[in-house]
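Enquirer: Just dropping this structure here.
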Amino acid sequence: MHATATKSSTRKLSEVARHVVMPSGIVSTGWRDVEDQCREFGDEFDEWQRGAGSLILGKDTEGIYTATVGGVTISIPRQVAKTFLVGRIVFALCVLFPGLKVLWTAHRTRTSTNTFKSLQGYARRKSVAPHVESIRTANGEQEIAFVNGSVIMFGAREAGFGRGFDEVDVEVFDEAQILTEKALEDMVAATNQSRHPHGALLFFMGTPPRPIDPGEAFTGKRDDALSGKPADKVMHVGSDAVYIECSADADADPDDREQWKKANPSFPDRTPLRSMLRLRKNLPSDESWLREALGIWQSVRTGGVLPMDAWGDRADEFSKVGHGPPPLGLEIGPDLAWASISLAGRRADGEWHVELVEARNGAAWVPAYLDAVLDKNPGIPGVVVDVGGPIKSMITQRGTRYTLDGPDIRLTPLRVSELTDACTKVLVGTVTGWLHHIDQPQLTAAAQSAGKRMIGDTGTWVFSRKSTTSDITPIQSATYALWGAQNESKLKTPRPPRVSAGGREYVTRNRAGRGAT
């Protein structure tokens, strides 16, 4: 990212970003001092990066960062060097403000380690090294300590990093698309006693989350930033946060290189064509490419049959099945790429409840997981499936009896007429208000994305697997479970009751969509 290495871009932030939301009350910025310090380090910035830096470090009349409350959220594709921009800001702040304490955390250990190695190399640059006292490389204790007492500590959230700190001035949440509200609560409190004269800063940066990601915190940041903003306007004022999003058009052709340029302000000058082609070849699907390389949020690309305002109204954190154990619904996605298990049942007030129990990539995990759930919940009356769907490659049929390969689990198959009835019931229950859920992000994302496939000229329909690139197995499995709960007399007992050594155990609830094992 040196000026001498590649051609610098003169495009402004408003020319490269799809959305820019800036805080109110900016009268000055700390960016000039940061840029001067980075220039001493040997770095130059593109014009859009200068614009982003000015917003990120904007200050009010009292000299406090205007984004100190809501933080800085950056939704940006891979290969745009977001680590370069945020990393240089953090290094410069560490040099300019003695005793600054920074936590840099990613979800995965591998990502955290790679970022640390990158910034470790930067710390050893000849122009930077005089400011650095030591570099600690031990796993779990990686840090860069500065001569003036500032420190950057690195770690992975999946390894528990981030809890137990205090007086933290800057927190960087890399891979923010995989960030639960619980992890956020655990870490943000560490900045409450920040001693930085301009206030603490929180950075959230990542790509749009996959449907299976626990991305509620990142999605919430985006929703808050864009709420009520005109879709055709790039720059917005009036917030306590900075939000920057770079992305291609919602209906972009995955291989349109003009769309690559629209999504990635570093292409082709700083990110060469070969790098984009390498990423294109190695991402597993068009969906992954559109999300991770072109920055397109799936909720923008897809529209479902269920009205999301009504679905949101049906959210009830206290909702639960009043009588149990409930039946389960099981759905496998196309190419066995995803799978979900849900439950459903009548509530104590007579209305109905659906809930996602487990959703994961792949399908190999299903037999053992379902076997364990039935072991701990032997009273479950049935497991409902669409035997005409992708699950057919994992089941054995003997006459009218369908069993899941592996464990001896009998399944309840849905006829086409029953399947169309089940889908209609979910729509009717959502609109009229008798169907409830606990607002699990994966189930809601699936409900938002699930399209409609008409069945002949009968006027009936089912949720369409082909009209969306998203994982809709959570809403499909919930639909099957609801049919089972409303037609319990038609259910096939999964297997003769077996009592496990640990006794009976009801399926556990988990807001992120993961249940008991």
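Read-outs throughout are calculated quantities, based only on the coordinates presented, and are distinct from any laboratory measurement. Since we're looking at a predicted model, the values are computed, not measured. Please note: Cβ atoms are built from the backbone with ideal geometry, for glycine as well, and neighbour counts cover all protein chains shown.
Enquirer: In the range 383-434, if every C-alpha pair distance is counted and binned at 5 Å from zero, what percent goes to each bin?
Expert: For the range 383-434, the pair-distance distribution reads 4, 19, 24, 18, 13, 10, 7, 4, 0.
Enquirer: Full extension from ASP405 to THR109: what is 0.36 nm times the residue separation minus their Cα-Cα distance, to one decimal in nm?
Expert: 103.1 nm
Enquirer: Can you tell me the length gained on complete extension of the stretch THR424 to ILE135, counting 0.36 nm per residue apart and subtracting the Cα distance?
Expert: Working it through step by step, the gained length comes to 98.0 nm.
Enquirer: So, with +1 on the Cβ of K and R and -1 on the Cβ of D and E, and no other charges, what is the size of the charge dipole of the range 13-246 about its Cα centre, to the nearest 20 debye? Present the calculation step by step, with values, prior to reporting the outcome.
Expert: Values: 25 positive and 31 negative charges, 122 e Å.
The dipole of the range 13-246 has a size of about 580 debye.
Enquirer: In a shell of Cβ-Cβ distance under 10 Å around GLY322, excluding GLY322 itself, what net charge do Lys and Arg (+1) and Asp and Glu (-1) give?
Expert: Every neighbour counted, the sum reads +1.
Enquirer: Around ASN487, what is the net charge, scoring Lys/Arg as +1 and Asp/Glu as -1 over all other residues with Cβ under 13 Å from its Cβ? Could you put the intermediate results ahead of the total?
Expert: Working: positive: ARG346, ARG415, LYS425, LYS490, LYS492; negative: GLU418, ASP421, GLU488.
Neighbourhood net charge equals +2.
Enquirer: For SER118, SER340, what's the fewest-to-most ordering of other Cβ within 10 Å of each Cβ? If you can, show how the numbers build up before the last one.
Expert: On the way: SER118 13, SER340 29.
Starting with the residue having the fewest Cβ neighbours, the order is SER118, SER340.
Enquirer: How big is D for the range 249-301, in µm² s⁻¹ as a whole number, if Stokes-Einstein is applied with the Kirkwood radius of its Cα pairs at 4 °C and 1.567 mPa s?
Expert: Using the Kirkwood radius from Cα pairs, D works out to 117 µm²/s.
Enquirer: With 30 Å as the limit, write out which pairs from LYS182/LYS281; LYS392/LYS452; LYS320/LYS490 have Cα-Cα distances beyond it, or answer none.
Expert: LYS182/LYS281
Enquirer: How long are the semi-axes of the equivalent ellipsoid of the range 13-246, defined as square roots of 5 times the Cα gyration tensor eigenvalues? Whole Å, largest first.
Expert: Equivalent-ellipsoid dimensions as semi-axes: 25, 21, 17 Å.
Enquirer: Still on this model: Run the dipole for the chain about the Cα centre, Lys and Arg Cβ at +1, Asp and Glu Cβ at -1, nothing else charged, and hand back the magnitude in debye, nearest 20.
Expert: 1360 debye
Enquirer: Do any GluC sites (Glu not before Pro) in the range 68-176 lie in a loop, going by DSSP, with at most 11 other beta-carbon atoms within 10 Å of their beta carbon, and if so which?
Expert: Qualifying residues, ordered by number: GLU141.
Enquirer: Here's something else I'd like to know. Note down the nm distance, to one decimal, between modelled labels 7 Å out along Cα→Cβ at GLU185 and at ASP223.
Expert: With each label point 7 Å from Cα toward Cβ, the separation is 1.7 nm.
Enquirer: For a quick check: sort SER319, SER489, SER227 by the number of other beta carbons within 10 angstrom, fewest at the front.
Expert: Ranked by crowding around the Cβ, least crowded first: SER489, SER227, SER319.
Enquirer: Taking the Cβ of ASP169 as the centre, find all other residues whose Cβ is under 12 Å away and add up their charges (Lys, Arg: +1; Asp, Glu: -1).
Expert: Values: positive: LYS101, ARG195; negative: ASP166, GLU167, GLU171.
Around ASP169, the surrounding residues sum to -1.
Enquirer: With +1 assigned to the C-beta of every Lys and Arg and -1 to the C-beta of every Asp and Glu, and no other charges, what is the dipole magnitude of the range 279-384 about the Cα centre in debye, to the nearest 20?
Expert: 240 debye
Enquirer: For ASP269, ASP408, ASP471, which order do you get if you count the other beta carbons within 10 Å of each Cβ and list the fewest first?
Expert: Final ranking by Cβ density, sparse to dense: ASP408, ASP269, ASP471.
Enquirer: Please give the contour-minus-distance gain from ARG11 to THR493: 0.36 nm per residue of separation, less the Cα-Cα distance, rounded to one decimal in nm.
Expert: Once the chain is fully extended between ARG11 and THR493, it gains 167.1 nm.
Enquirer: A further question follows. When the label point is put 7 Å from the Cα of SER24 along its Cα-to-beta-carbon vector, which residues of the range 238-265 have a backbone N closer than 20 Å?
Expert: Residues 238-244 qualify, since their backbone N sits under 20 Å from the label point.
Enquirer: Taking a ≥ b ≥ c as the square roots of the eigenvalues of the Cα gyration tensor of the range 308-490, is the shape rounded (a/c under 1.5), prolate (a/b larger than b/c) or oblate?
Expert: Rounded, since a/c falls under 1.5.
Enquirer: Set the Förster distance to 22 Å, then compute FRET efficiency between ASP286 and ARG453 from the Cβ-Cβ distance, nearest 0.05. Present the calculation step by step, with values, prior to reporting the outcome.
Expert: Details: r = 20 Å, r/R0 = 0.91.
So, using R0 = 22 Å, E works out to roughly 0.65.
Enquirer: Sum -39500 (n - 2.57) across every DSSP H segment of at least 4 residues in the chain, then divide by the residue count to get the 222 nm mean residue ellipticity, nearest 500.
Expert: Calculated from helices alone, the mean residue ellipticity at 222 nm is -8500 deg cm²/dmol.
Enquirer: Just to be sure I understand the model, the point goes 7 Å from the Cα along the line to the Cβ. What's the resulting HIS236 to THR460 distance in nm?
Expert: 4.3 nm
Enquirer: Note the listed values (1) 63, 31, 21; (2) 40, 29, 23; (3) 47, 24, 21, then indicate which one is semi-axes √(5λ) of the Cα gyration tensor in Å calculated from this particular structure.
Expert: The value matching this structure is (3).
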